[in-house]
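Comments concern the structure below.
The values are calculated or read from the model by the stated rules, or taken from the named source; none is laboratory data. Predicted model only: the values in this text are computed from it and were never measured. No Cβ is skipped: glycine too gets one built from the backbone with ideal geometry, and neighbour counts run over all protein chains shown.
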């Protein structure tokens, strides 16, 4: 048999199993629910870079919601409104005049080179792109496998958050208890963000301008800077308590819908080590 | 069903790293096979693409039919991609196969060719993880005789976005090629609103008619006159939404309500003398910016474009071409004017300068001139090009594939060599 005939035969043989038609069911119950008891579990951070004039972004919002339905409160979602997709229209325009942007979201989008990329994009746990020193920026179709990968890892640290809120001066306080269960040989940082859920405003969804779109998990700002406080390297067994205070912004933010998110990150790789979220009040 | 493609001017590269085999057992019969991984810019995803194609030209393969006036060609192909199921919550097909059958018939001045393709369930980011199958039909009927040409085309595409990675969008890792039914526009201002095939669903048709009035006739004049008219229209397919993972059902023969694109062209080509020729052209377009470009904008742009192109030959090797264009529209960036002058000194040199002026922009600060000057030198298989350009933002299309490019300003030196 000549070489080209052999090659064609081999390719044809490989094609015999070339179709996996799925007749249903289409889904599984995989995804792992929350683990009870006192065990410290690994939560996962999903950062969704989005904007109100980005017509494809609601697809990513829906995927984030779907993943939250699967993984429950172990998946913590931040919606970062950034780049020109988040630019507000001039006052007086019929829609898209609200400004979702804030310096924290813009800094993260800039520092991780998401600015300029076609939205929506996302980072899962700020994980590295394998073989590089840059973070992996993902289309939404790629989020689930990475969430699943991280959520099945063994936690190296646990975070507990206690909050208080003074409605008079709009001051929020977050008391963070950090418990390290495995040596963290690289220096780490603790950042504490505040997030507003369910803001009702305009959103482009495909070719439709949706007036009463519910914007979930909108990152509003930080209590201690974009990347938080440097805690240095920590050894297993270390327990720390940190307290951070800051004023709720912007002025129209609704304290009843605010969540506090604490993120422990590796200062070298920038990857997330642990993340936790609680309601402000 | 399969096209491996490298187009550096467009920033596209899904060329294959693998094996290709071609086998011709006898005249008129050809088998092809390919297996490999597609290139995604500087990386090769692990997903494997493999395919086979068979083609038989009946009149060549069967000797006693060789003299038959009816020429028949038949072909079929099967392509499959493998990608691991990486979504724990879904049962995804890891092997996604697609097949196609085609026929081409020639009988005297008539020709007919058609291809039907089917793809099994292929949930992906592009189709929002629906488990619908995909299908496409493309058919052409042409009639040609001296001085007259007629072409009718029809196309229906449903859920045929086919990539070697279900998680990418845009122009990355495309496996198949879906040709457009509209004309590939070459005039500068006509490329402001170029239509790109909507792989997730479209239905369209086009007609094109050429007729040449003979020389020495009333309308033909001394050297003859050619007229061309073209109509193309593309709309969405019919969709009835389902609240399940199939997403929708679609009736094959029903056109959807959303019109994506429409064009009407009239063109007259007249040779004025042995040395000069003029082309006068009018193009009317309706263009859905939201659908085609994904832009927040007025849904439709309606434009009228007029072109006058004049060519004068100084000698058998030297010529000058002048191209004047004006585009009128009340939407998008408003009116445009363009002037181009090109000196062709065959066989080596070409000098081109043109200016596109967006004089009708509602924002007076954006009424830019987009100057472009270039010098090209060709010798043998080597081409050198030096150009300075202020490039307008918009869709850049090559070979029916389009990519959005931002506005830019700069100098470019291009060297290409074939050997």
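Remarks
- In this entry, residue B:197 is excluded by the filter for residues that are assigned by TED's automatic domain parsing to the domain that holds residue B:262, part of a strand (DSSP E or B) and out of contact with any helix residue (DSSP H, G or I) (no Cβ under 7 Å at 6 or more places or on another chain).
- Hey, residue B:317 surrounded by fewer than 18 Cβ atoms within 10 Å (Cβ to Cβ) and in contact (Cβ under 8 Å) with a residue 40 or more places away in the chain or not: no
Condition check ((1) over 17 Å from residue A:140 (Cα atoms); (2) within 11 Å of the chain's Cα centre (by Cα); (3) surrounded by fewer than 19 Cβ atoms within 10 Å (Cβ to Cβ)) across all residues:
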| position | (1), (2), (3) |
| --- | --- |
| A:62 | no, no, yes |
| A:66 | no, no, yes |
| A:81 | no, no, no |
| A:86 | yes, no, no |
| A:104 | yes, no, no |
| A:109 | no, no, no |
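- A single member of B:393, B:389 is under 26 Å from the mean Cα position of the chain (by Cα) and loosely packed, with under 14 Cβ neighbours inside 10 Å, and it is B:393.
- Residue B:236 fulfils the conditions (1) out of contact with any strand residue (DSSP E or B) (no Cβ under 6 Å at 6 or more places or on another chain); (2) within 14 Å of another protein chain (Cβ to nearest Cβ); (3) modelled with pLDDT of 90 or more except for a single criterion, (1).
- Residue in the stretch B:257-271 that is in the same structural domain as residue B:213 (by TED's automatic domain parsing) and part of a loop (DSSP other than H, G, I, E, B) present: no
- Here residue B:56 meets the list (1) over 25 Å from the mean Cα position of the chain (by Cα); (2) within 13 Å of another protein chain (Cβ to nearest Cβ) almost entirely, failing just condition (2).
- Residues in the stretch A:209-225 that are surrounded by 15 or more Cβ atoms within 10 Å (Cβ to Cβ) and over 17 Å from residue A:108 (Cβ atoms): A:209, A:210, A:213, A:215, A:216.
A quick yes/no check of all residues on (1) part of a loop (DSSP other than H, G, I, E, B); (2) closer than 24 Å to residue A:60 by Cβ; (3) over 22 Å from the mean Cα position of the chain (by Cα); (4) not assigned by TED's automatic domain parsing to the domain that holds residue B:200:
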{"position": "B:71", "(1), (2), (3), (4)": "no, no, yes, yes"}
{"position": "B:78", "(1), (2), (3), (4)": "no, no, yes, yes"}
{"position": "B:92", "(1), (2), (3), (4)": "yes, yes, yes, yes"}
{"position": "B:104", "(1), (2), (3), (4)": "no, no, no, yes"}
{"position": "B:121", "(1), (2), (3), (4)": "yes, yes, yes, yes"}
{"position": "B:124", "(1), (2), (3), (4)": "yes, yes, yes, yes"}
{"position": "B:131", "(1), (2), (3), (4)": "yes, yes, yes, yes"}
{"position": "B:135", "(1), (2), (3), (4)": "no, no, no, yes"}
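- Of the residues examined, residue B:304 is not one that is assigned by TED's automatic domain parsing to the domain that holds residue B:223 and touching a helix residue (DSSP H, G or I) at 6+ places or on another chain (Cβ under 8 Å).
- Consider the stretch A:160-208 and keep the residues that are closer than 14 Å to residue A:236 by Cα and buried (at least 19 other Cβ atoms within 10 Å of the Cβ). The one that is nearest to the chain's Cα centre (by Cα) is A:188.
- Options B:293, B:267, B:263: the member that is in contact with a strand residue (DSSP E or B) (Cβ under 7 Å, 6 or more places away or on another chain) and modelled with pLDDT under 90: B:293
- Qualifying residue in the stretch B:92-99 (condition: surrounded by fewer than 19 Cβ atoms within 10 Å (Cβ to Cβ) and more than 12 Å from chain A (Cβ to nearest Cβ)): no
- Residues (surrounded by fewer than 20 Cβ atoms within 10 Å (Cβ to Cβ) and part of a strand (DSSP E or B)) located in the stretch B:154-175: B:154
- Residue check for residue B:23: within 14 Å of chain A (Cβ to nearest Cβ) and not in a strand (DSSP E or B): no
- Matching residues, the stretch B:360-396, being within 21 Å of residue B:329 (Cβ to Cβ), assigned to a strand (DSSP E or B) and at pLDDT 90 or above: B:369, B:370
- Scan the stretch B:361-376 for residues that are more than 22 Å from residue B:322 (Cβ to Cβ) and surrounded by 15 or more Cβ atoms within 10 Å (Cβ to Cβ) and the total you get is 3.
- For residue B:34, the conditions (1) under 21 Å from residue B:129 (Cα atoms); (2) crowded, with 18+ Cβ neighbours inside 10 Å are fulfilled apart from (1).
- Among the residues of the stretch A:100-145, the one identified as touching a helix residue (DSSP H, G or I) at 6+ places or on another chain (Cβ under 6 Å), away from chain B (no Cβ under 11 Å) and modelled with pLDDT under 95 is A:115.
- When the stretch A:39-56 is filtered for residues that are within 14 Å of another protein chain (Cβ to nearest Cβ) and at pLDDT below 95, the ones remaining, listed by number, are A:53, A:54, A:55, A:56.
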